[in-house]
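Here the structure is laid out as structure tokens; the discussion comes afterwards.
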Amino acid sequence: MLKLKKSEYFTLAWTGQSLRILDQTKLPQKEVYRDLKNAEDTWEAIRNLRVRGAPALGVVAAYGLYLGIKDFPGRRRSDFLTQIHKVKSYLETSRPTAVNLFAALRRVEEKLKNTSFSSAEEGKKKVLLEAKKIEKEDETFCDRIADYGFPLIPVGAALLTHCNAGALATAGDGTALAVIFKAKEKGKKISVFVDETRPLLQGSRLTAWELQRRGIDFTLICDNMAGWMMRQKRVDLVLVGADRIAANGDAANKVGTYSLAVLARHHKISFYIAAPVTTFDLDIPDGESIPIEERCGDEVTGFAGKRVAPPGVKTCNPAFDVTPASLITAFITDQGVIRPPYSKRKFQRKLKP
Ligand code: MRU
């Protein structure tokens, strides 16, 4: 029996033979589940955003690693480790920005390298066990983020969020949206502005879908309306997720996040990022080192799958941008709220794995 979330849908679930995911490209029109049966299915689902959101990508990649080695015929430990490395390197080419994907794959490989197992069969079991652990931990991270985050939301506040940092982006209840769900659960009257999030519309397709199901009072706006909402004092704070946070606190998230942070600073509004420990990449010094995914121009020339721009136009389509640490009021993490000044040492101290 697959475990359903509080709202009766699930983002991902291990069935025993495959990883079942809710195909997010079909939402909100259809709720279609898809079984990922091998590493290629997993790679395709990640690349095409059937499953997405940094923490979910970590979990899916770990299961993908298992799917990629479960039928490996070799018996020797060394051959098995070589195969693990091969599948890991392949999955790493799916999407470049969310560090959770890389961290989860590295964690599984390291675990296998550092534990003793005599046969490939035994090794396979260990990989699956580690993937399940990563999933379970992510669920807990979401709960903790919610617990640390909801006290920061004033009663009656109007929040603005971008992209989707909800249950659809994690193995639990989400990061930014988990804070919102918790605030509501605790009886706080709040409302939310949801950015549409061009070009792939994670806001209007996914966040709107989740918030509606959870009974949250929200208003959908186009991305270019956020500034005007702030100017009219209709937004009290911005709350978003992240894909990779560097050692100095610079944070990559869905493109458009940086503009919101600049607007928030101009209008003296708090700008919060909610993210688990697995989204911090303390090995890179700053946002300059974060690889930004560049996606196909068709996403820009079209809207919801329909061609809009004339043929032959030039496009540019970075999927993420980097918000400088100086614009971030605080990070809401599974280990507490971290405020400036940000530094590698501070993150290391506060974020114990
Ligand atoms: O391209 P996507 O949909 O994978 O982008 C996702 C985001 O930018 C999210 O805000 C981020 O991964 C945080 S999810 C908890």
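The values are calculated or read from the model by the stated rules, or taken from the named source; none is laboratory data. What you see is a predicted model, and the numbers here were worked out from it, not measured in a lab. Using ideal geometry, Cβ is built from the backbone for each residue, glycine included, and neighbour counts are taken over all protein chains shown. In case anyone asks, the SASA skips ligands and DNA or RNA and just uses the protein heavy atoms, side chains included. Shrake-Rupley method; radii C 1.70, N 1.55, O 1.52, S 1.80 Å.
Computed values, structure above
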read-out: Largest to smallest accessible area among H85, H162 [probe 1.4 Å]; value: H85, H162
read-out: Solvent-accessible surface ranking, highest first, for T219, T161, T329 at 1.4 angstrom; value: T219, T329, T161
read-out: For the stretch 193-343: accessible area per residue (Å², 1.4 Å); value: 43
read-out: DSSP bridge orientation in the stretch 144-350 - percent antiparallel, rounded to nearest 5; value: 40
read-out: P(r), alpha carbons of the stretch 12-143 - 10 Å bins starting at zero, rounded %; value: 13, 46, 32, 8, 1
read-out: Within the accessible area of the chain (1.4 Å probe), percent carbon and sulfur; value: 53
read-out: For the chain, built as a Gaussian network whose Cα springs stay under 10 Å, the top-fluctuating residue of E44, E110, E139; value: E110
read-out: Surface accessible to a 1.4 Å probe, per residue, for the residues of the stretch 1-154, Å²; value: 46
read-out: Surrounding net charge for A252, when Lys and Arg each add one and Asp and Glu each subtract one, Cβ distance under 15 Å; value: -4
read-out: Proximal aspartates and glutamates relative to K70, as straight alpha-carbon distance under 19 Å, when same-chain residues fewer than 8 apart are discounted; value: D35, E40, D41, E44, D79, E92, E109, E110, E121, E122, E130, E135
read-out: At least 18 Å along the helix axis (C-alpha) and Kyte average at least 1.0, DSSP helices within the chain; value: 54-69
read-out: Principal axes of the chain: Cα extent on each, largest first, Å; value: 66, 51, 41
read-out: Given K188/K346; K86/K126; K133/K352; K37/K125, the pairs whose alpha carbons are separated by over 24 Å; value: K188/K346
read-out: Coordinate range along principal axes, alpha carbons of the stretch 215-353, Å, largest first; value: 52, 35, 31
read-out: Rounded to the nearest 20 debye, dipole of the chain from Cβ charges on Lys, Arg, Asp, Glu; value: 580
